[in-house]
1. Starting from one equal scatterer on each C-alpha and no solvent at all, send me the Debye-based log10 I(q)/I(0) for the chain at q = 0.08, 0.16 Å⁻¹, two decimals.
2. Return the calculated 222 nm mean residue ellipticity for the chain, to the nearest 500 deg cm²/dmol, obtained by summing -39500 (n - 2.57) across DSSP H runs with n ≥ 4 and dividing by the residue count.
3. Can you list the trypsin sites (Lys or Arg not before Pro) in the stretch 24-115 that are in a DSSP coil and have 14 or fewer other beta carbons within 10 angstrom?
4. Show me the trypsin sites (Lys or Arg not before Pro) within the stretch 201-240 that DSSP assigns to loop and that have at most 14 other Cβ atoms within 10 Å of their Cβ.
5. Tell me, what is the FRET efficiency for Leu82 and Asp236 to the nearest 0.05, using R0 = 41 angstrom and their Cβ-Cβ distance as r?
6. Fully extended, how many nm does the chain gain between His185 and Leu123 (0.36 nm per residue separation, minus their Cα-Cα distance)?
7. From the residues Phe79, Leu199, Leu254, which one has its Cα farthest along the dipole of the chain in the positive direction, the dipole being from +1 and -1 charges on Cβ of Lys/Arg and Asp/Glu about the Cα centre?
8. Mind giving me the nanometre distance, one decimal, between the label points for Glu55 and Tyr206, set 7 Å out from Cα along Cα→Cβ?
Amino acid sequence: MFFDTHSHIHFSKEFPDSDAVISRAREADVMCQLIVGCTAPDSMEALDFVKKQGENFWSTMGVHPHNSDELTDEVLADFERLILEDDKAVALGEMGLDYFKEYRPKEVQRHAFFEQLKLAKKLDVPVIVHVRDAWDDALDLIGRAWNSKVVLHCFSGDEQAARESLERGYHISFSGIVTYPKNQHLRDIAGLVPLDKILIETDCPYLAPQIYRGKRNEPAFVVETAREIAKVRGMDLSEFGEITTRNALALFGLTGKV
């Protein structure tokens, strides 16, 4: 069984056929999905979506760095209330820093990131962290907020960033980019992450694995990411899938609920 820990199939424009997408995922043994919010309205849509899907679907609440100027005290209060009241909302994020595109000023990104990190620490829930070309600042802020339940989503850092993150006990999540020919460094990192700290994801509809590159990504394709990492580690695919699923269930407080 596989767990896609970063899915955006609630994006209605990109997934008008979400029922068929979910059916294909189940046929591929991708039985669990975490639907990740990117803005306050989008987070509410993610929560509504998972409630309609029923078991084995959960959501997050977060403001992406591209939208970091939209984070307000009212948004944080809504996130806090929903995390406390609704057992379908299990984490905060997608949050973080993106200095590659820098759609929002760095200081605005850092403020929004740190405020969400502090809330996650207060609520004792995991954070889903987006980092691009901002590893020093991101790890500094996570450390200052004393977060320990951390998912470094769609990991794209170097070995130094990976080792520092692992020393702190963070989880590293790999997407389809680990299958791209040019990303041997990511495959090397995937080989050194302790088995209890590794997760898999699609980030669909983006970043389809190499075999599907150029197509819309979808949760069923997370199996290809798992296959690549299992090969790197010399493991059976089903065993690796079960391990990463157990890791996700434990991290998000879902053990025994599947």
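Laboratory data are not the source of any read-out in this text; all were calculated from the coordinates shown. Predicted, not measured: the structure shown is a model, and the values here were computed from it. For neighbour counting, all protein chains shown are included, and Cβ atoms are generated from backbone atoms with ideal geometry for every residue, glycine included.
1. The calculated log intensity ratios at q = 0.08, 0.16 Å⁻¹ are -0.27, -1.20.
2. Numbers: 9 runs with 111 residues, N = 258.
Helix-only estimate at 222 nm: -13500 deg cm²/dmol.
3. Passing both the DSSP loop test and the Cβ count: Lys101.
4. Working: sites: Arg213, Lys215, Arg216, Arg227, Lys231, Arg233; in loops: Arg213, Lys215, Arg216.
Within the stretch 201-240, the qualifying trypsin sites (Lys or Arg not before Pro) (loop, at most 14 other Cβ atoms within 10 Å) are Arg213, Lys215, Arg216.
5. Details: r = 39 Å, r/R0 = 0.95.
The value I calculate is 0.60.
6. Gain in length upon complete extension: 18.8 nm.
7. The one lying farthest along the dipole's positive direction is Leu199.
8. Result: 3.3 nm between the two label points.
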